[in-house]
Each structure stands twice: as structure tokens, then as C-alpha cells.
Amino acid sequence: MKTSLSLFQDEITKIRAFAFKNWVMTVRNIFTLFEILFWPLVAFLSVGLLAEFADLRPETKAFILVGVVAMSGVQVCQLDVAYALLYDVWSKSVKHGFIAPVGLRHLLIGSMAVGMVRGGTVFLILISGSYYFFGFDFASPGAGPVCLFLLGLFLCAATVGISVCILVLFFGLRAEVAAWSLVSLMLLICGIYYPVSILPQWVAFIASLIPVTYFLEYFRHYYGFEPTFTHALVKGYVLVLAYLFLEILLMRFALGRAKRTGILLRLSE
């Protein structure tokens with residue numbers, strides 16, 4: 001009978017296996033550098049230079065830079081969670097991955113670990129660029145608020161990545177477009193470039209259901225912006241943790257359904 005220590009070691013080994021798979025796919029594919037460096041930098045510099053050209057007030061420029069840096073970190077991190085399944089779909093090996101004696105928790109935690117490394121790298125590059133090119137200091141709120149903000153973004157990224165996996169298990173390969181489109185929808189609704197208070201009431205209500213909205217409001221209040229929602233940080237964490245719990249249950253259901261309906265086999269052919 002296995003001891004608690006050996007069970008813990010087994011869990012760590014299985015998590016490391018998925019993290020290693022994502023890491024190997026990252027370092028062997030030169031195009032992943034575009035996800036980490038090229039596209040985030042292009043988006044950041046284009047928005048930042050536009051803010052400079054428009055001669056925006058420092059507070060308004062801070063509002064926009066916080067948004068574009070946050071969304072770049074979320075986009076890069078969520079892709080690793082989505083890739084945990086999409087890599088197997090693209091290589092026609094989905095069934096082999098689920099035949100192995102591993103669970104969804106290993107897949108999600110392992111891929112999330114690599115996503116946090118990649119997303120954290122993008123975050124550090126962009127906040128350095130903010131200071132160097134535009135004189136904007138992300139560290140001024142202090143280490144605690146920055147870490148709470150970044151952790152919240154990573155958890156939000158996990159919810160997006162898991163959503164992509166669920167959609168693929170339900171609808172097959174045609175749902176892979178969600179890996180890139182979901183974050184674009186969040187960009188439109190969550191107040192990345194403008195406060196949610198200017199949105200139509202029904203759109204603002206949808207924004208209030210998305211945790212990213214609250215984390216942005218929490219961090220921006222350090223730069224003089226009055227939050228639209230009270231207790232933004234608490235609400236953000238409550239929402240994102242609730243969504244993670246529900247999505248894990250839904251992904252278990254989607255996986256069982258994919259096995260029963262044959263979608264899992266069709267994704268492996």
C-alpha cells in the first residue's frame with residue numbers, strides 16, 4: 001500500500017509530465033516566441049504610442065497601459081491551458097493521453113504552471129517597457145497589490161483555457177478558434193481600454209460577471225480611478241474561484257460525454 005509520501009510524489013510526477021510536455025512544445029516551436037514577444041509587444045507599443053500621440057493625461061495613460069499589459073498576460077497564460085488539449089488534438093493523440101493513468105487535475109495544473117511562467121515573462125517584459133518607453137511605474141502600488149493582481153489574472157486565464165478545452169470536448173476541432181476569440185471578447189467587454197461605466201447597462205452587467213473586470217478595477221484604483229464596483233478584489237477572487245470549480249466539474253462531464261459519443265476517438269483520427 002502506498003504511503004502518503006509516495007502518493008504525493010506520484011502526483012508531482014504526473015503534474016511535471018504535463019508541464020514538461022507543454023514546455024518541450026514551447027521551446028521546439030519558434031512560433032511560440034511570437035506569442036511571448038512579438039504580438040504582446042506589438043499590441044503594447046501600438047497602444048502606448050497612440051496614448052503618447054493623443055497626449056493623454058498620466059492617469060488616462062495609466063488606465064490604458066494597465067489594461068493592455070493585463071490582457072497580454074491573460075492571453076499568453078490561457079493558451080498554455082488550452083494547448084494541453086489542443087496539442088493532442090492537432091497530433092491526433094487525444095485518446096492516448098486519456099488512456100494514461102492521469103487525471104484532469106494533472107493536465108490542468110501542469111499546463112497552468114508553464115502558462116504562469118510564460119505569462120509572467122510577458123508581464124515582466126511589458127511592465128519594463130512601460131517604465132522605459134512611457135515612464136509608467138507598475139511597481140508603485142507595492143509588491144503585494146501587484147502579486148494579487150497578477151495571481152488574479154492567471155486564475156482568470158485558467159478559466160478561459162479550461163473553457164476552450166470544454167468546447168473542444170463538446171464540439172470537436174471546430175471549437176479551437178475559441179482559444180483566440182474568447183480573450184478578444186473579454187477585451188471588448190471588461191474595460192481594457194475604457195471604463196465599464198460607459199457601456200450600455202446590459203453589457204456592463206455581463207462585464208460584472210467576468211473576474212478580469214474586478215481585478216482591473218482593483219489595480220487601477222491605485223492610480224486614482226474610482227472603482228465602479230465595491231470590494232473589487234474580493235469579488236474578483238470569489239468569482240474566479242467559483243468559475244474554476246464549476247468548469248472542472250463541467251470538463252469532467254464533457255470528457256465523459258466525449259468518450260460515450262465517440263468525439264474522443266474522432267479527435268484522434
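Laboratory data are not the source of any read-out in this text; all were calculated from the coordinates shown. Source: prediction; values computed, not measured. All Cβ positions, even for glycine, are placed from backbone atoms using ideal geometry, and neighbour counts span all protein chains on display.
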query: In region 223-267, which residues are assigned to a helix (DSSP H, G or I) and among the aromatic types (Phe, Trp, Tyr)?
result: Tyr223, Tyr237, Tyr243, Phe245, Phe253
message: Take the conditions closer than 23 Å to Ala158 by Cα and of a type outside the set (A, V, I, L, M) and apply them to Ser46. Does it pass?
response: no
- request: For region 196-210, indicate whether the set of residues that are closer than 19 Å to Ser72 by Cα and either surrounded by fewer than 13 Cβ atoms within 10 Å (Cβ to Cβ) or not aliphatic (A, V, I, L, M) (or both) is non-empty.
  value: no
query: Looking at Ser128, Ser93, Ser111, which is the one that is of a type in the set (S, T, N, Q) and touching a Phe, Trp or Tyr at 6+ places or on another chain (Cβ under 7 Å)?
result: Ser111
field: Flag if Leu233 is of a type in the set (A, V, I, L, M) and under 28 Å from Val94 (Cβ atoms)
entry: no
- prompt: Can you name the residue in region 127-148 that is without any contact (Cβ under 8 Å) to a residue 12 or more places away in the chain and more than 25 Å from Gly236 (Cα to Cα) and, of all such residues, is nearest to the chain's Cα centre (by Cα)?
  reply: Ser128
- request: May I ask you to list the residues in region 11-69 that are among the small types (Gly, Ala, Ser) and in contact with a Phe, Trp or Tyr (Cβ under 9 Å, 6 or more places away or on another chain)?
  value: Gly48, Ala51, Ala62, Gly67
- prompt: Hey, any hits in region 162-176 for a residue that's in a helix (DSSP H, G or I), of a type in the set (Ser, Thr, Tyr) and surrounded by 22 or more Cβ atoms within 10 Å (Cβ to Cβ)?
  reply: no
- prompt: What is the number of the single condition among (1) over 30 Å from Gly256 (Cβ atoms); (2) within 21 Å of the chain's Cα centre (by Cα) that Cys156 does not meet?
  reply: (1)
query: Looking at (1) part of a helix (DSSP H, G or I); (2) under 29 Å from Glu59 (Cβ atoms), which is the only condition Gly191 fails?
result: (1)
- prompt: Inside region 194-222, can you point out the residues that are among the aliphatic types (A, V, I, L, M) and part of a helix (DSSP H, G or I)?
  reply: Val196, Ile198, Val203, Ala204, Ile206, Ala207, Val212, Leu216
